[in-house]
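Asker: Structure incoming, see below.
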Amino acid sequence: NSALLHIKRNNFFSFLKFFSIILKYHFMDIQEIQKKIATVSDNYAKHCSINRDDDWYILKLQEEIGELVQNYLSFTGRGRKREKTDEEIKTDFANELADVVGQVLLLAQHHNINIEEALERKWFKYLK
């Protein structure tokens, strides 16, 4: 169990490092991503008549984390495949990762948190 936990922890940190590199050098900056995500979220909220109060952002993040865990279980062979191919399951897992990242960025923006500064302070100081 501890070996599996070590592998999972290393994979998670590898994912974070990879994600930070993608955001910083190969994709677009976080503010641009936040603006696009906020536009999509604003349109969704308007279309579905959703009142996004302070609690909504953290509760929606929790919902998306639950969906991520569900898809992770399928992706790692410990959950139902729901008649999907391995590639479809992997795509679903990736989509749920995107939902979680999107909700984290929305939560940060809603509470006026500069996520780039927070990442620099909390995570990227170890890259220097």
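Asker: Return the residue satisfying two criteria in turn: it lies in the range 111-128 and is free of Cβ contacts under 8 Å to residues at least 60 places away in the same chain, open to solvent by less than 100 Å² (accessible area, probe 1.4 Å) and in a loop (DSSP other than H, G, I, E, B), and of such residues it is farthest from residue 57 (Cα to Cα).
Answerer: 114
Asker: Checking residue 87 against (1) at pLDDT 95 or above; (2) surrounded by 13 or more Cβ atoms within 10 Å (Cβ to Cβ): exactly one of these is not met. Which one?
Answerer: (2)
Asker: Turning to a different aspect of this structure: Can you tell me which residue in the range 25-72 is surrounded by the most Cβ atoms within 10 Å (Cβ to Cβ), limited to those that are within 14 Å of the chain's Cα centre (by Cα) and aromatic (Phe, Trp, Tyr)?
Answerer: Filtering first and then ranking leaves 57.
Asker: Looking only at the range 87-114, count how many residues are of a type in the set (D, E, K, R) and out of contact with any Phe, Trp or Tyr (no Cβ under 9 Å at 6 or more places or on another chain).
Answerer: Within the range 87-114, residues that are of a type in the set (D, E, K, R) and out of contact with any Phe, Trp or Tyr (no Cβ under 9 Å at 6 or more places or on another chain) number 3.
The values are calculated or read from the model by the stated rules, or taken from the named source; none is laboratory data. Since the model is a prediction, treat every value here as computed from it, not as a measurement. Neighbour counts run over all protein chains shown; Cβ positions are idealised from the backbone, glycine included. The protein model used for the area step is the full one, side chains on, heavy atoms only, and it has no ligands, DNA or RNA in it. Shrake-Rupley method; radii C 1.70, N 1.55, O 1.52, S 1.80 Å.
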